[in-house]
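The values are calculated or read from the model by the stated rules, or taken from the named source; none is laboratory data. Note that this is a predicted model, so its numbers are computed, not measured. Using ideal geometry, Cβ is built from the backbone for each residue, glycine included, and neighbour counts are taken over all protein chains shown.
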Amino acid sequence: MTPDQRDADLQLAIDGELRLLQTHTRRAPAEVDALLDPEFFEFGASGCRWSRPAILEMLASDSSEGGEVAVALNVEATRIGPGIVLVTYISENDERRCYRSSIWRRTATGWRVLFHQGTPIPSASPSLQPVTRHAVQLRESDQSCVAAARRACPDSILIGALSDVF
């Protein structure tokens, strides 16, 4: 894989994430369906766990107006394995701010989001600083932790998807 292809992969994951913030995308079931991995799930900023069918149903019934659901700040993408990209950012919607993270994976049909999480930022938080990326080399002990987590939670989609990477 060339450096240009690696950069293109990161940009494709970011582009997909930003498309999911657009009202016109969210109102187009076929477009959302193409962006969500069949095994997609989300831990929402509300604290709820959302399944793919629940997200599709919720978006189909959304009657909000406007071009963007939220504004994305400090958008970063990091390759965390072959065909796996982590996208992180801060979302702003009215007065609400959240840390957001999504795991995208390359499939035969293109890049699709496998997992998303939103974590509210308390309004009393100090001003946010730009995020700095750090590369991590997995040690043998880290690999055994992933294996132990997979044994403890065999139904976990995330652990199942990432254990192949490690």
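Restricting to segment 40-66, what's the tally of residues that are outside any loop (DSSP other than H, G, I, E, B) and either in contact with a strand residue (DSSP E or B) (Cβ under 7 Å, 6 or more places away or on another chain) or at pLDDT below 80 (or both)?
Selection size over segment 40-66: 10.
Check segment 67-74 and report whether any residue there is modelled with pLDDT under 90 and either assigned to a helix (DSSP H, G or I) or of a type in the set (Gly, Ala, Ser) (or both).
yes
Residue-wise test of (1) surrounded by 15 or more Cβ atoms within 10 Å (Cβ to Cβ); (2) closer than 20 Å to residue 120 by Cβ; (3) free of Cβ contacts under 8 Å to residues at least 24 places away in the same chain; (4) within 13 Å of the chain's Cα centre (by Cα).
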position: 7; (1), (2), (3), (4): no, no, yes, no
position: 14; (1), (2), (3), (4): yes, no, no, yes
position: 24; (1), (2), (3), (4): no, no, no, no
position: 27; (1), (2), (3), (4): no, no, no, no
position: 49; (1), (2), (3), (4): no, yes, yes, no
position: 53; (1), (2), (3), (4): no, no, yes, no
position: 74; (1), (2), (3), (4): no, yes, no, no
